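Only the coordinates and a few stated rules stand behind these numbers; no lab work does. Everything numeric in this text was worked out from a predicted model, so none of it was measured. Cβ: placed from backbone, ideal geometry, glycine included. Neighbour counts: every protein chain shown.
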Amino acid sequence: DSGVTQTPKHLITATGQRVTLRCSPRSGDLSVYWYQQSLDQGLQFLIQYYNGEERAKGNILERFSAQQFPDLHSELNLSSLELGDSALYFCASSAGQVSPLHFGNGTRLTVT
Amino acid sequence: GQQLNQSPQSMFIQEGEDVSMNCTSSSIFNTWLWYKQDPGEGPVLLIALYKAGELTSNGRLTAQFGITRKDSFLNISASIPSDVGIYFCAGQLTGNQFYFGTGTSLTVIP
């Protein structure tokens, strides 16, 4: 158990809809990262937050947004969903600048 | 973004054999990490390396931080069926985002 909790585990929704994925980092970790993993693909970095502030942005679509709250949990919002958004979405947290990432078990999003 | 070239892309080996995989980059990193991902689950940290030339073991796994800081290697000795999965390398410049390799899919034949 990595200590990173993601909910929900599975999500099935229709095109055009909006969903919110939730992540609770490991206790004490200030950084939260979001990654997208499509079928048989690697991990695509979306966005990073550190202590409530956006730190880095990767290949995140404009239809996607995220935030980190004062209690350090984070939410990833995906809107105007398309079939191609179907993927595993992972959250990871780290304690600091030289600390490794610890991943949650992901949310599997299926857009029909 | 940064590209990490991980090889081989896939491996099929007999149980008991040793495994070697590597990761190379055109950029230098301050940290190299190795993860294993089982189907439908999140990547799990295997080994973290913080210093050029560092050699670190975790049970049957051994990883090295390349002296040029542009590469890293992971070796698995005496493979067993539960070693099956996808192995990812990741590099990081201090304080910055992590860059992941494309993964090595390992199949162990009993």
Residue-wise, which Karplus ³J(HN,Hα) couplings in Hz belong to region B:57-71, taking 6.51 cos²θ - 1.76 cosθ + 1.60, θ = phi - 60°, and x for glycine or proline? 10, 9, x, 7, 9, 9, 10, 10, 8, x, 5, 7, 6, 10, 8
Using amide H atoms built 1.01 Å from N in the peptide plane, name the residues 5+ places from A:Arg55, or on other chains, whose amide H lies under 5 Å from its own. A:Gln48, A:Tyr49, A:Tyr50
Förster-model FRET efficiency, 41 Å R0, B:Val44 and A:Asn77, C-beta, rounded to 0.05: 0.90
Taking the alpha-carbon distance from B:Lys36 and a cut-off under 13 Å, which aspartates and glutamates remain once sequence neighbours fewer than 8 residues away in the same chain are dropped? B:Asp83
Could you please state, rounded to a whole Å, how far the C-alpha centre of region B:37-88 is from the C-alpha centre of region A:65-112? 24 Å
Between B:Val84 and B:Glu54, what FRET efficiency comes out of the Förster formula 1/(1 + (r/R0)^6) with R0 = 25 Å and r the beta carbon distance, rounded to 0.05? 0.40
Could you list the residues of region B:55-82 with an amide nitrogen less than 12 Å from a label point located 7 Å from the Cα of B:Ile28 in the Cα-to-C-beta direction? B:67-71
Candidates per GluC sites (Glu not before Pro) in region A:45-112, loop by DSSP, up to 13 other Cβ within 10 Å: A:Glu62, A:Glu82
Which part of region B:16-39 falls in the paramagnetic zone of B:Thr68, meaning amide N under 16 Å from the point 7 Å along Cα-to-beta-carbon? B:22-30
In this model, which of A:Lys57/B:Lys51; A:Lys9/B:Lys51; A:Lys57/B:Lys70 are farther than 25 Å apart at the alpha-carbon? A:Lys57/B:Lys51; A:Lys9/B:Lys51
Of A:Phe45, A:Ser65, A:Leu76, which is farthest along the charge dipole of region A:38-90 in the positive direction, counting Lys and Arg as +1 and Asp and Glu as -1 at C-beta? A:Phe45
